[in-house]
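Reviewing the structure listed below.
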């Protein structure tokens, strides 16, 4: 993925200055957090189940080579074809070759974050293959020529007024602010696509190693359409997305929808094991419908490297999006400011880990380390710790700003001797006294303005702690 | 080519695992962890009550007819209510209510199974799809109901197309009440070979829905807008 040219600080400032974005985020994000809290409360023993889910993920990843090989064999035994891709370019090429060799003109897609990570739509369109997204949120942002701003609610940054205007312009429907009417218009447009598409491309929520089953969850039914109507089904999947057995799958499914949308289970939980079954004997009936071919593209794209890194734990992630909604940073700036297809706390770890700390060194700082993300993570990823690990790596790579390095050096000089520390704190009190108003400092000169541009700084006390201590004794 | 990359990906994974820079003790236990045990209802009346409550909370309609004749009336009422002229249905052998095809035909409804010709025969395939798209109602059985989520388990197989529960805007499912199990885990335990037998197993929990525009709930996006579940007292 290409890193944005504009630095994060500037992107965040732009997002904060966008009034429509604030309206959209305010209207939508609370639904996620309250829904999640309610749904988790409805699950008896939720905390023990989260502990267990964490252990399942850890276990699977510690034997990823074994489970991946087992999964690939099982997929092929069920009649599917498995393709291995080391990076995004190879994965795109595999899908493109399939499309070309089978004369595919129209591809319908159900939501897949891996395909966003790969830039699959661009690769297909550049080769003259038409691609249509079928998840309503993805369809909206495709019409708008944008990228998703949330991993499960891609159009969360848009108000209904904006979506109404967009559908009015692109589909020629009368201008409306009613989501029901907008949904009906999108349904009609996409129905025609489903019926004529040659290839369906989907993501994979979980692969079951033992049976070679792909698990896909959607609420709209677009996942079922995409994997049933076109004659070819191509599933793109990150190599970490495995569980050993169906029992483990049922554990993950109890947590995924609850964490994502506050549902106990998504409306459609599809388990796909191979393509449409042909009759065993020519005289017997086979399955009446479903795709003739199933291809699974296993995408590494940095995951095997992350597995051996200090942020390996991020591979536990089941892409529920719970950490986005609770993050005070995400709630203010939305997803686009992160500049990556993976935003929020999980994105601030995945993005630098996958695409290189050199280009993404500012993302681990897009967090107040309040740990709300760790509290909601269904598989108990210690996201604040991983962000700290990446900040450390950025510093080692020489990516921290010079003023910060100087600042830290100055602090070290002051803080490593009691005399110097006392002097420095008195100096700070003395220097800030003229600008402090009612206990707060509202404005500081650069580089300290980086703090006061967005929040006030508490004024230094008139007497330092050691002075007060001496007085009391 | 793709097999070549298989080795290269697996080798990269093994190299990373060998490094074991993972500071996390949670990686330690090599044995497969077993899930925490959980109290679930097993009494049939409790299971049924839980299933009904969950499904209704998801905007599903649930009916409990006293006998087969009443069940058929309910089905025909739904069909008349949506003014269906065409229906897609599972084969009679997989419907736990005898005589559905005949009763629908008698009510003036054209009943189709969801058989699609091979895609190599493109014109026939497209024509059949256009025909199936006309259907207003889909009638299926169900392999099981999950009490804790109000879900139906629908397996694909000969005579049991996926499209019956997907393409039409109204879906009627016929479920013998004895097939309601407590949880998905219980379902897998009692049907260990289900994914080997069916290329497609779908758990359906209510009608199709979206909240992609400002988190406003809207029913009936790509799948059915209405889901009717008729609970049958005696299993087939």
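The values are calculated or read from the model by the stated rules, or taken from the named source; none is laboratory data. Just so we're clear, the structure is a prediction, and the values are computed from it rather than from any experiment. Counting neighbours? That spans all protein chains shown, and the Cβs are built from the backbone with ideal geometry, glycine included.
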Name the pairs whose Cβ atoms lie under 8 Å apart, with the first residue in region B:193-219 and on the phi > 0 side of the Ramachandran plot and at the interface with chain A (Cβ under 7 Å from one of its Cβ atoms), the second assigned to a loop (DSSP other than H, G, I, E, B) and surrounded by fewer than 24 Cβ atoms within 10 Å (Cβ to Cβ), and 6 or more positions between them or separate chains? B:206/B:58; B:206/B:59; B:206/B:60; B:214/A:159
Within region B:173-193, does at least one residue satisfy the condition of being under 21 Å from residue A:225 (Cβ atoms) and outside any strand (DSSP E or B)? no
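For residues that are part of a loop (DSSP other than H, G, I, E, B) and over 19 Å from the mean Cα position of the chain (by Cα), scanning just region A:1-41, find the one that is modelled with the lowest pLDDT. Walk me through it before giving the result.
As a first pass, look at region A:1-41 and keep what is part of a loop (DSSP other than H, G, I, E, B): A:1-7, A:17-18.
Filter again for over 19 Å from the mean Cα position of the chain (by Cα), leaving A:5-7, A:17-18.
Working: A:5: 85, A:6: 89, A:7: 89, A:17: 94, A:18: 94.
Of everything passing the filter in region A:1-41, A:5 is modelled with the lowest pLDDT.
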Being out of contact with any strand residue (DSSP E or B) (no Cβ under 6 Å at 6 or more places or on another chain), within 18 Å of residue A:99 (Cα to Cα) and surrounded by fewer than 23 Cβ atoms within 10 Å (Cβ to Cβ), is that true of even one residue in region A:209-231? yes
As an exercise: evaluate residue A:2 against (1) more than 8 Å from chain B (Cβ to nearest Cβ); (2) over 29 Å from residue B:210 (Cα atoms); (3) surrounded by 14 or more Cβ atoms within 10 Å (Cβ to Cβ) and give the number of the one condition it does not meet. (3)
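Out of everything in region A:295-337 that is assigned to a strand (DSSP E or B) and more than 9 Å from chain B (Cβ to nearest Cβ), what residue ends up being nearest to residue A:364 (Cα to Cα)?
Restricting attention to region A:295-337, the residues satisfying the condition of being assigned to a strand (DSSP E or B) are A:295-299.
Filter once more, keeping what is more than 9 Å from chain B (Cβ to nearest Cβ): A:295-296, A:299.
Working: A:295: 36, A:296: 32, A:299: 24 Å.
Top of the filtered list is A:299.
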Tell me, please, whether a residue that is away from chain B (no Cβ under 13 Å) and under 30 Å from residue A:449 (Cβ atoms) can be found in region A:29-43. no
Inside region B:152-186, the number of residues satisfying the requirement of being crowded, with 23+ Cβ neighbours inside 10 Å, within 9 Å of chain A (Cβ to nearest Cβ) and under 17 Å from residue B:54 (Cα atoms) is 1
Could you list, in sequence order, the residues of region B:51-104 that are over 16 Å from residue B:137 (Cα atoms) and more than 21 Å from the chain's Cα centre (by Cα)? B:65, B:66, B:67, B:68, B:69, B:70, B:99
Within the set of pairs 6+ apart or on separate chains, which have a first residue in region B:117-129 that is closer than 14 Å to residue A:232 by Cα and within 10 Å of chain A (Cβ to nearest Cβ), a second that is in a helix (DSSP H, G or I) and modelled with pLDDT of 85 or more, and C-beta atoms under 8 Å apart? B:118/B:125; B:119/B:125
Check residue A:428 against each of (1) free of Cβ contacts under 8 Å to residues at least 40 places away in the same chain; (2) farther than 30 Å from residue A:312 by Cα; (3) in contact with a helix residue (DSSP H, G or I) (Cβ under 7 Å, 6 or more places away or on another chain); (4) in a helix (DSSP H, G or I) and name the one condition it does not meet. (3)
Looking at (1) under 19 Å from the mean Cα position of the chain (by Cα); (2) assigned by TED's automatic domain parsing to the domain that holds residue A:81, find the lone condition where residue A:342 falls short. (2)
Qualifying positions in region A:46-62 - closer than 23 Å to residue B:11 by Cα and either facing another protein chain (nearest Cβ under 8 Å) or touching a strand residue (DSSP E or B) at 6+ places or on another chain (Cβ under 8 Å) (or both): A:56, A:58, A:59, A:60, A:61, A:62
Could you look through region A:384-402, keep only residues that are more than 20 Å from residue A:368 (Cβ to Cβ) and assigned to a helix (DSSP H, G or I), and pick out the one that is nearest to the chain's Cα centre (by Cα)? A:396
